[in-house]
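In what follows, a structure is listed as structure tokens, so that the remarks can point back to it.
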Amino acid sequence: MSASREFLLGMRDTIPMLVGAVPFGIVYGTLAVSSGLSVGATLAMSLLVFAGSAQFVAASLVASGTSLTVILLTTLIVNLRHMLYSASLLPFVRHLPQRWRVALAFWLTDESFAVVHRHYLLNDSPLERKHWYFLGSCLAMYSLWFACSLVGVLLGQALPSLGDWGLDFAMIATFIGIVVPLLRNQPMIVAALVASTVAVAAHGLPWKLGLMLAALLGVTAGVVAERWALRDRPAAVEAP
Amino acid sequence: MNTFEIALILGMAVITFAIRYTLFAVGHKVRFSPLVTQALTYVPVAVLSAIAVPVMLMPDGEGLQLSLDNDYLVGGVAAIIIAARWRNLLATIAGGILCFFLWRFLYG
């Protein structure tokens, strides 16, 4: 497959994610302006940070008058999962020149990770062109995220009550669409249940620490469950 | 943009990029043990569940709201059913959002 064909395929496969990202981006734009960020800062954040949930959390922290240090620490915690995404994608990008790795890392999001990782695990096309697919997915997300932030800013100025409509549900529907098809075996289901339970129980912890604790315990539970399953049924060896 | 906003955006941009790029940058030197590789397969499920489920069960951030008045829960359960039945991303997102807003419109 040619580079341009991979690029367009990456854009096309990202379309389902865009359906969730459109309302989410609009809500971000609306919320950020109503939290007291300037229009320039709201849009610059979408261009330079490009991390939906962290932008969301930062805007709400700005609204409550939180200090810069605490907001930056929260950004670190909320986005730490991207390091685990980059670790998962590393075997597929380590052969690329640095300029490619800089670009793909800058544009790495939950949505593109889900789409691109699935594509890398398919064996139907050679690895050397798949970074064009990655780039196509990223640029589709990036341009749309910026456009929706802009629409949100404009809508927020016209309809100040838009923040109460519940458009943030789009993020939840997107995450459900990513997670549920991954729940193919018992260890995956255990990981999801443990992470969910801990996240709810530890919700009151400051700085989104409950989220990181839930992620850590969810992953641990998945690994332990997989080892138990293998110990009980040594013949049924599953691919990791 | 004022000084606070510039510091905020540059700080967030540097932190986010550093998180995403560090492993890519040293890529040719990093090799993961089988345990780490195994653990990584559970990361998306654990992280995304940990973000989504508290919003569904406690949308106001104050205590569990296990009732039909909770449109986040109703929409989320609808999305889970659609995802489990058809395993189609677009149908899950569009169907979930549709159920959420219908429920909100009918009961809100």
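The values are calculated or read from the model by the stated rules, or taken from the named source; none is laboratory data. Bear in mind the structure is a predicted one, so any value in this text is a computation, not a measurement. Here the Cβ is made from the backbone with ideal geometry for all residues, glycine too, and neighbour counts use every protein chain on show.
Restricting to segment A:108-139, and then to whatever is within 14 Å of the chain's Cα centre (by Cα), surrounded by 19 or more Cβ atoms within 10 Å (Cβ to Cβ) and of a type outside the set (Val, Ile, Thr), can you tell me which residue is nearest to the other protein chains (Cβ to nearest Cβ)?
Narrowing segment A:108-139 to residues within 14 Å of the chain's Cα centre (by Cα): A:108-117, A:137-138.
Then keep just the ones that are surrounded by 19 or more Cβ atoms within 10 Å (Cβ to Cβ); that gives A:108-116, A:137-138.
Next, from what is left, pick out any that are of a type outside the set (Val, Ile, Thr): A:108, A:110-114, A:137-138.
Values: A:108: 5, A:110: 7, A:111: 10, A:112: 11, A:113: 7, A:114: 7, A:137: 13, A:138: 11 Å.
Residue satisfying both the conditions and the ranking: A:108.
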Query - From the options A:53, A:46, residue that is at pLDDT 95 or above, under 19 Å from the mean Cα position of the chain (by Cα), closer than 16 Å to residue A:109 by Cβ and part of a helix (DSSP H, G or I) - result: A:46
Query - Out of A:198, A:151, A:224, sole residue that is modelled with pLDDT of 85 or more and in the same structural domain as residue A:116 (by TED's automatic domain parsing) - result: A:151
Report task. Within segment A:214-221, identify whether any single residue is aliphatic (A, V, I, L, M), more than 8 Å from chain B (Cβ to nearest Cβ) and under 23 Å from residue B:60 (Cα atoms), and answer yes or no. Result -> no
Report summary line: When segment B:16-31 is checked residue by residue, the ones that are at pLDDT below 85 and at the interface with chain A (Cβ under 7 Å from one of its Cβ atoms) are B:27, B:28, B:30
Query raised in the report: Within segment A:144-167, is there a residue that is within 23 Å of residue A:40 (Cβ to Cβ), among the β-branched types (Val, Ile, Thr) and out of contact with any Phe, Trp or Tyr (no Cβ under 6 Å at 6 or more places or on another chain)?
Result: yes
Query raised in the report: Is it the case that some residue within segment B:69-85 is within 9 Å of chain A (Cβ to nearest Cβ), of a type in the set (S, T, N, Q) and free of Cβ contacts under 8 Å to residues at least 60 places away in the same chain?
Result: no
Report summary line: Of all helices (runs of 4 or more DSSP H) fully inside segment B:1-94, the set with 3 or more residues that are under 15 Å from the mean Cα position of the chain (by Cα) is B:43-57, B:71-86
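Go through segment A:56-106 and give me each residue that's in a loop (DSSP other than H, G, I, E, B) and basic (Lys, Arg).
Residue satisfying the conditions is A:94 alone.
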Query raised in the report: Could you say whether any residue in segment A:160-175 is surrounded by 18 or more Cβ atoms within 10 Å (Cβ to Cβ), more than 8 Å from every other protein chain (Cβ to nearest Cβ) and free of Cβ contacts under 8 Å to residues at least 60 places away in the same chain?
Result: no
Requested in this report: Can you tell me which residue among A:96, A:72, A:89, A:135 is in the same structural domain as residue A:25 (by TED's automatic domain parsing), under 19 Å from residue A:47 (Cα atoms) and modelled with pLDDT of 90 or more?
Outcome: A:135
